[in-house]
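Novice: Once you've had a glance at the structure underneath, I'll fire off some questions.
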Amino acid sequence: MEILLALIIAVLTGVGVFLTLRARTFPVVLGLTFLAYAVNLFLFAMGRLNINQAAIIQENVANYSDPLPQALVLTAIVISFGMTAFVIVLSLKAYGELKSDHVDGKVLDKDGDK
């Protein structure tokens, strides 16, 4: 199970980096989203989630689960949502002004030339 989770994290990271390095804005947004998913899974994996352990303090309970990984992932989800919204608005503004969706701001004609 650990190898499967590590492979999923590796694939999400690889796809995220590949898409982030593309020249268009939509693949960049998707790449950042995949990277955020990979980070969330990585935080869960490093948190060693425990099953059938109490999440709150109770009497007659010796072992507790660590709430820090859940808090970190929840924070990362909120931050990635805000970052994604900002990048989408920024790309729409750049497209409105430059009439191009290239990340580096190049304006191309119909044939794809500068």
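Novice: Any chance you could run the full-extension gain for Arg24 through Ala54? It's 0.36 nm times the residue separation minus the Cα-Cα distance, nm to one decimal.
Specialist: Numbers: separation 30, 0.36 × 30 = 10.80 nm, distance 4.69 nm.
6.1 nm is the gain from fully extending Arg24 to Ala54.
Novice: Name the most mobile residue of Ile56, Ile88, Ile77, meaning the one with the largest mean-square fluctuation, in a Gaussian network model of the chain with Cα contacts below 10 Å.
Specialist: Ile56
Novice: Could you please state how large a percent of the accessible area of the chain is carbon and sulfur, counting protein chains only and using a 1.4 Å probe? Mind showing how you got there, number by number?
Specialist: On the way: 6060 of 8740 Å².
Carbon plus sulfur share of accessible area: 69 percent.
Novice: Another question, then. Would you mind checking which residues have amide H under 5 Å from Arg24's amide H? H placed 1.01 Å from N; only 5 or more apart, or other chain.
Specialist: Val103
Novice: So, for the range 33-88, what is the accessible surface per residue at a probe of 1.4 Å, expressed in square angstrom?
Specialist: Values: 4260 Å² over 56 residues.
It amounts to 76 Å² per residue over the range 33-88.
Novice: While we're on this one: For the residue pair Ala71 and Val87, what label-to-label distance in nm results when each label sits 7 Å from Cα along the Cα-to-beta-carbon direction?
Specialist: Taking the simple label geometry, Ala71 and Val87 are separated by 2.8 nm.
Novice: As an exercise, take the mean of 1/r over every pair of distinct alpha carbons in the chain, invert it, and state the Kirkwood radius in angstroms.
Specialist: Values: mean 1/r = 0.0596 Å⁻¹.
It works out to 16.8 Å.
The values are calculated or read from the model by the stated rules, or taken from the named source; none is laboratory data. Everything numeric here is computed off the predicted structure, so don't read it as measured data. When we count neighbours, we look across all protein chains shown, and the Cβ atoms used for this are built from the backbone with ideal geometry, even at glycine. Surface areas here come from the heavy atoms of the whole protein model, side chains and all, with no ligands, DNA or RNA. Shrake-Rupley method; radii C 1.70, N 1.55, O 1.52, S 1.80 Å.
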